[in-house]
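What follows is calculated from the coordinates using simple rules that are stated; it is not laboratory data. Quick caveat: nothing in here was measured; it's all calculated off a predicted structure. Note: ideal-geometry Cβ built from the backbone for every residue, glycine included; neighbour counts use all protein chains shown.
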Amino acid sequence: MSYTFLQNYWWFLISLLGGLLVFLMFVQGANLHLGNRTLSELQKRMILNSTGRKWELTFTTLVTFGGAFFASFPLFYSTSFGGAYWVWVLILITFVFQAVSYEFQNKKENLIGSQPFRVFLMINGILAPLLIGTAVGTFFTGSDFTVNKVAITDPAAPVISSWGNNWHGLEAVTEYHALLLGCTLVFLTSILGALYVLNNVDDDAIHAQMRRSIKLSILPFLAFFLSWTLILLVRQGYAVDEAGVVSLEKFKYLHNFLQMPVVLVMCLLGVVLVLWGIFQGGYTKSRGGIWPAGIGTVLVVMAVFFVAGYNGTAYYPSCTDLQSSLTIRNSSSSQFTLQVMFWVSLLIPFVLAYIVYAWRQMDKKKITGSEIGSTEHKY
Amino acid sequence: MDVIAWSRLQFAMTAAYHWLFVPFTLGVAMVMAVMETLYVVKKDEFWKKTAQFWMKLFAINFAVGIATGIILEFEFGTNWSNYSWFVGDLFGAPLAIEGILAFFMEATFFAVMFFGWDKVGKRFHLASTWLTGIGATISAYWILVANGWMQNPVGTTFNPDTVRSEMASAAAFWEVISNPVAVSKFFHSVTSGWVTGGVFVVGISCWYLLKKRQQKFAKASILVGSIVGIVGSFAVMLSGDSSGVHAAEFQPMKLAAAEGLEDGGQRAAFTIVPGIKIPGMLSILATHDINGYVPGINDILNGYTDNEGNVIPSVAEKMAMGREALVALSIYRTTDDPSEKAEARYALEENVQYMGYGHLEKPEDVIPPVGVVFWAFRLMVGLGMLLLLELLVVGFLAWKDKLDGKKWLFIAALICIPLVYICGQAGWIVAEVGRQPWTIQGLLPVNVAISSLSAGAVKTTFFLFLAIFSLFLIIELRIMIGAIKKGPETPNE
């Protein structure tokens, strides 16, 4: 296996993990409905118990996404996490509050009552997709950092990757194009959450609320998504040549789509599937919209990652120093490490298979109000 | 304090909190899996209710363990940027494997275990309970492969073209995953988790006996808990012995600090506490030979000859070679002249073994805080022995059904719960403080491993995480105490 193949393969896996992560963030989206005043306490607990059985998969996918980035593209890990410090810290804090909120919210000994923990879940529901989307948005807008490997020999300033400002990543929210992707993700995960609850919970009133929520979210979702996409297609991008020299290229991402027709088809198919899922959930009696929408989400996110990293593109560009930009060639692990991990990655289908099996076993019986009233093991 | 000190403090605090929850997960997973197996084999509802009670406490603990764990993983990047790049080629692989193989197993089967009692069959549920514990154990292996490599960096070479350590062959990868330090650490950490689980289950069960509640449940739990704890304790001792030998071989300064040994030699004495020594014992523990040579702090500073006859240079000499390596690396990376480049590469390869020392300011920088490591080691060993004694006594009396009325023993078992946590924390202090000033032994000192952040930024997140974790811990303890007071659903006999 050539080094180039392995680098491309690992970018593919990162893209797949990114796609699965966004899909699984239906958990975050569904939790936004905990603030819906038309739902009773029992109905809110049904939603909580529905997402409560899946949140660890989302969480684990996030951890694995981070771990896989560390393993395959460590220069991204060290540059982005060490540089865009505050963004990643904020994302992590919202996730740690989410992790404990399920377990804590319904216990009378939790010091601050049930409501604050539900608010934490809702904050996670907004901030996690917003910040993750905005962070991924900087893959196209660029960030303020430099990479200098000789620095490690300088005792006075030995850090290889340095961030150019004291906002340490928070400045991304002032970059409207990156922010548009964050907002797109907020509404997409909200729709996915409603589709998931529709599928997983047996309750007519909840179903009506979810369908209403889907209808309300369609317009803002499409507005943000289309604006982001249009700007992406016309903006200049960060091209990298065979020698590794980075330069600005007009319509780079449009060129990427056109020069990689498979990615274009994948993206369009994904969009159609998402829209079909939304239509099923919002305008028909079907409860299966989560599946086409979920698959569509994975396809679109993967296409976005492909456009960011393949076809001679710097996926984590530096707007301070173009030649510091990260590409899948200059930021990856060694050929041998990528090869070892290639063999390990062949276990992924097995992992997916047992997740699907366990998921099907658990979801054979939908969540009902009587179950929440009777079972001991619940949130 | 500077950014290095705050970064260290933040990582230490996160790791210390994380290690409050992980050993519980490892140990109680084993206890409840054994109990559920008894339920399936004996078809006795009593064991189901017993397993379910410990499972409830497991779930409360599990969530906070996950919350602290994710922070720990990402702190490698956020606070140790240079380190992430320097070791990413090697460290990343175990982390990714941990994610793919272990985390998904834990996450998937935890949900089945906790919510699936009425949704899946008995055997699938039992398999899920075991797989949750096995997932946690596999996870421990891979993260300890990474940690073991930081203590004993085998199987890699420094690549000046990428400025990082890299693995280059299947043999190197095998060296990394079978690193003796990692293997010992894995057994030592996992089985210390069994001790934690055992002591916890025994202690809480004794509380029920003290309150004369749920006596059948309590005695049954004591039997299972003490067996898991005793097996764990003996395994901890065995792996602890090999950890000592490995420290002597790969991290002699850590051993010297743990012993407060200023000047070493053959037939070195083991210090129980200052003033009380066992002659020759340290040589036996460190080299399995009473005549084995154990270097002290001054020997390491000034240079010595080890048991294989190798001459180990003084720290000052290593620093000089390290500086030559750094200068050569700088020239190699910046010059365009091919002959100068080749010369620099040669000089680098000659001295690269000590490149980490080139970053040190003075030879004494290699000495970790001796007092902290010395007393943490004694605390760990002393408490470990006490806990084993407790498990043996309570377990034996439970087996003979002679526990009734032993109030003093019940109180002692309860007191042992905080002690087992102190013991675990002390162990990690020995391992990690004893490694200072290195993030990677001999290769990368902490002052070069950091991110380019201000001390103020890290100080802010330190207090933020401290407040969050402390809040979580307080709430978790309150919820757990509430669940314990409520008790299991077994008949109150």
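Some values worked out for this structure:
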{"item": "Interchain or long-range residues, amide H under 5 Å from residue B:265's placed H", "result": "B:294, B:296"}
{"item": "Pairs of Cα atoms farther than 27 Å apart, the range B:57-213, %", "result": "38"}
{"item": "For the range B:1-153, with +1 on Lys and Arg beta carbons and -1 on Asp and Glu, the positive-most of B:147, B:53, B:23 along the dipole", "result": "B:53"}
{"item": "Volume of the Cα convex hull of the range A:325-379, divided per residue and given in Å³", "result": "165"}
{"item": "Mean separation of Cα contacts under 8 Å, 6 or more apart, over the residue count of the range B:265-359: relative contact order %", "result": "20"}
{"item": "Reciprocal mean inverse distance between Cα atoms of the range B:265-359 - Kirkwood radius, Å", "result": "15.6"}
{"item": "Ranking of B:423, B:206 by count of other Cβ atoms within 10 Å, fewest first", "result": "B:423, B:206"}
{"item": "Radius ratio Rg over Rh of the range B:170-254, counting only Cα atoms, Kirkwood formula for Rh", "result": "1.23"}
{"item": "Cβ-Cβ FRET estimate between residue A:204 and residue A:109, R0 fixed at 45 Å, reported to 0.05", "result": "0.85"}
{"item": "Separation of the residue A:276 and residue A:235 label points, Cα + 7 Å toward Cβ, nm", "result": "3.0"}
{"item": "Placed amide H near residue B:214: partners under 5 Å, 5+ positions off or other chain", "result": "B:493"}
{"item": "Convex hull of Cα atoms in the range A:42-176, direction-averaged projection (nm²)", "result": "10.8"}
{"item": "Relative contact order of the range B:143-232, pairs being alpha-carbon contacts under 8 Å that are 6 or more residues apart, as %", "result": "27"}
{"item": "Along principal axes, Cα extents of chain B, largest first, whole Å", "result": "84, 52, 44"}
{"item": "Over the protein assembly as shown: Kirkwood hydrodynamic radius from C-alpha pairwise inverse distances, Å", "result": "28.6"}
{"item": "Within straight-line cross-link reach of residue B:219, aspartates and glutamates at Cα separation under 14 Å, skipping those fewer than 8 residues along the same chain", "result": "B:401, B:404, B:493"}
{"item": "Sum of -39500 (n - 2.57) over DSSP H runs of 4+, divided by residues of chain A (222 nm, nearest 500)", "result": "-22000 deg cm²/dmol"}
{"item": "Relative contact order, percent, chain B [alpha-carbon distance under 8 Å, six or more residues apart]", "result": "21"}
{"item": "Candidate lysines - alpha carbon under 24 Å from residue B:318, same-chain residues fewer than 8 apart omitted", "result": "A:149, B:254, B:341, B:362"}
{"item": "Neighbour count of at most 12 Cβ within 10 Å plus DSSP loop: longest trypsin sites (Lys or Arg not before Pro)-free window in chain A", "result": "A:109-249"}
{"item": "Helix-derived mean residue ellipticity, 222 nm - over chain B, DSSP H n ≥ 4, -39500 (n - 2.57), to 500", "result": "-25000 deg cm²/dmol"}
{"item": "For chain A, convex hull of alpha carbons as volume per residue, Å³", "result": "150"}
